[in-house]
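Structure record follows, encoded as structure tokens.
None of the figures in this text is laboratory data; all of them are computed from the coordinates on show. Predicted, not measured: the structure shown is a model, and the values here were computed from it. Positions of Cβ are backbone-derived with ideal geometry, glycine not excepted, and every protein chain shown enters the neighbour counts.
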Amino acid sequence: MSEYRFFLLHKILVLSVNVLVLVALTIAMYLASLNPEEFTLEFLKAFGGMQGVLNRIIYQGHLAGSHGGLCVACGACLKKCPQKIDIVAWLRTVHEEMMRKPTAGH
């Protein structure tokens, strides 16, 4: 594939993702406006669900080979974490969640 064609396809992909995010944002704003008392909660539920699907797609496609599934559970990070967070368990949990098939609202 020529460099120009790759550049053009990349720009089209970026533009498409931007359009999808704007559409998701517009839908979330509309749905939240139907219930003004719960605007923030409704907005986050609507936009967060759509964003979650996009996040999974990005994680599964673009981060392949550099994500939490590569953790070997050696525990080196546990010794260095000043907050004593179980990083190994969190990486495993996040990886399992992000590798699930994307579904609207989850």
How would you rank 4-15, 20-31, 82-93, highest first, on the average number of other Cβ atoms within 10 Å across their residues? 20-31, 82-93, 4-15
Within 12 Å, Cβ to Cβ, of ILE87, how many net charges do the neighbouring residues add up to if Lys/Arg are +1 and Asp/Glu are -1? +3
Ordered by residue, what ³J(HN,Hα) values in Hz, to whole numbers, does region 81-92 give under the Karplus form 6.51 cos²θ - 1.76 cosθ + 1.60, where θ = phi - 60° and Gly and Pro are x? 6, x, 8, 6, 7, 7, 4, 4, 5, 5, 4, 4
Apply 1/(1 + (r/R0)^6) to the Cβ-Cβ distance of CYS71 and ASN18, taking R0 = 30 Å, and write down the FRET efficiency to the nearest 0.05. 0.40
